[in-house]
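K.L.:
Let me begin by handing over the structure; questions about it come next.
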Amino acid sequence: MSDPINYKHLKYFHTVAHEGSIAKASEVLHVTPQTISGQLSKLEDRIGSSLFEREGRGLRLSEMGNLVLRYADDIFDLGRELNDVIRGAPLIGPSEFIVSAASALAKTIVYKILEPALHINHEIKLTCHEGPVDSILAELAVHKIDMVLSDTPLAPNLSVKGYNHFLGQCSLTFFAASNTARKYRKNFPASLTNAPILLPTAQYSIRQQFDHWLDEEGIFPIIKGEFDDSALMKSFGQAGVGIFFMPSIISDEVCRNFNVRPIGEIDALQQKFYAISTERKVKHPAVTAIYEQAKNSLFQ
């Protein structure tokens, strides 16, 4: 088994990374620059990779350095918190619950899924990010976030250590601006052939499912746009550019917020929702509240 990381070496690295140079870190730590350089070299030997790269007269974190710094920040933050607890200082303020949602998910449904976390007994501060699935899963892998919301489960061939918690599924409803909706409502869904349509990009599971359904049904719409962001797609739909679909459980909100009208619902298309976390068994109180509410009422 490899030797554990020397936390003194890690502390020197952490200080250099935040101060921006060995000279400044030397002043903060009250040790010579030569000592810091020597300890950094030992840490790099232990890790097997350079932590800094030269940039002019300064230092820039390498890719490995950025990864190590994220862990070091967590380690020393926890150390300070532990020190406060040992000395009798109360833990002040809510604990942070950090979630990243796939950007193609409708913001309204993200809110509906996360809302139960705001009502648990333990006070939390919710921080919510969004982005492409691959990027937010990478953040989960380095413990920058507590949970990922996606319509795509974590694939077993990915190097990310995480677990899929299936929340539920629902059918899709198609929407458009009033004039467009009236035009394509008759003979739906066959009317989608040659209809202008707006779609999420191919990285999302529901897009792949929709493409397969089109092939099976022999329906050939005209793709007017592909979007990573669901709100942007709805804004284009509101402007009359094309038809778009959303989960049926938020139909009322979509019509009200974007001034569009429903065209029809397709039960054969079911969008699935997953909470992905690093816990095999859900233990985090916020994740537990989200999971139970989704299973028991939201997707019923």
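K.L.:
Have a look at 194, 179, 157 and point out the one that is surrounded by fewer than 17 Cβ atoms within 10 Å (Cβ to Cβ), in the same structural domain as residue 253 (by TED's automatic domain parsing) and not in a helix (DSSP H, G or I).
P.N.:
On the way: 179 fails: not in a helix (DSSP H, G or I); 157 fails: in the same structural domain as residue 253 (by TED's automatic domain parsing).
Being surrounded by fewer than 17 Cβ atoms within 10 Å (Cβ to Cβ), in the same structural domain as residue 253 (by TED's automatic domain parsing) and not in a helix (DSSP H, G or I) holds for just one of 194, 179, 157, which is 194.
K.L.:
Filter the stretch 131-154 for residues that are without any contact (Cβ under 8 Å) to a residue 60 or more places away in the chain and not small (Gly, Ala, Ser); which is surrounded by the most Cβ atoms within 10 Å (Cβ to Cβ)?
P.N.:
136
Residue by residue, here is whether (1) β-branched (Val, Ile, Thr); (2) modelled with pLDDT of 90 or more; (3) farther than 30 Å from residue 148 by Cα; (4) part of a loop (DSSP other than H, G, I, E, B) holds:
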site	(1), (2), (3), (4)
1	no, no, yes, yes
12	no, yes, yes, no
18	no, no, no, no
50	no, yes, yes, yes
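K.L.:
Six or more apart or on different chains, Cβ under 7 Å: which pairs go from a residue in the stretch 224-241 that's within 14 Å of residue 102 (Cβ to Cβ) to one that's part of a loop (DSSP other than H, G, I, E, B) and β-branched (Val, Ile, Thr)? Could you list them?
P.N.:
So the pair list comes out as 227/201; 228/201.
K.L.:
If you don't mind, there's one more thing I want to ask. Within the stretch 98-152, how many residues turn out to be small (Gly, Ala, Ser), closer than 27 Å to residue 75 by Cβ and at pLDDT 85 or above? Quick ask: steps written out before the conclusion?
P.N.:
So in the stretch 98-152, the residues small (Gly, Ala, Ser) come out as 100-104, 106, 117, 131, 135, 138, 141, 150.
Add one more test, that the residue is closer than 27 Å to residue 75 by Cβ, and what stays is 100, 117, 131, 135, 138, 141.
Next cut, at pLDDT 85 or above only: 100, 117, 131.
Total meeting the criteria: 3.
K.L.:
In this structure, does residue 295 turn out to be surrounded by 15 or more Cβ atoms within 10 Å (Cβ to Cβ), assigned to a helix (DSSP H, G or I) and among the basic types (Lys, Arg)?
P.N.:
Answer is no for this residue.
K.L.:
Still on this structure: Looking at residue 157 and the list (1) under 20 Å from residue 248 (Cα atoms); (2) free of Cβ contacts under 8 Å to residues at least 24 places away in the same chain, which single condition is not satisfied?
P.N.:
Status for residue 157: all satisfied but (1).
K.L.:
Further, regarding this structure: For residue 65, are the conditions met, namely being modelled with pLDDT under 85 and either within 30 Å of residue 141 (Cβ to Cβ) or not acidic (Asp, Glu) (or both)?
P.N.:
It is false that residue 65 is modelled with pLDDT under 85 and either within 30 Å of residue 141 (Cβ to Cβ) or not acidic (Asp, Glu) (or both).
K.L.:
Let me ask something else about it. Going through the stretch 197-244 one residue at a time, which ones are aromatic (Phe, Trp, Tyr) and assigned to a helix (DSSP H, G or I)? I'd like the intermediate steps shown before the answer.
P.N.:
If we filter the stretch 197-244 for residues that are aromatic (Phe, Trp, Tyr), which is where we start, we get 204, 210, 213, 220, 227, 236, 244.
210, 213, 236, listed by residue number.
K.L.:
In this structure, does residue 81 turn out to be in a helix (DSSP H, G or I), modelled with pLDDT under 90 and exposed (fewer than 13 other Cβ atoms within 10 Å of the Cβ)?
P.N.:
yes
K.L.:
For residues in the stretch 1-43 being over 34 Å from the mean Cα position of the chain (by Cα) and among the charged types (D, E, K, R), which is surrounded by the fewest Cβ atoms within 10 Å (Cβ to Cβ)?
P.N.:
Filtering first and then ranking leaves 27.
The values are calculated or read from the model by the stated rules, or taken from the named source; none is laboratory data. Predicted model, so just to flag it, every value in this text is computed and none were measured. Virtual Cβ from ideal backbone geometry, glycine too; neighbours counted across all protein chains shown.
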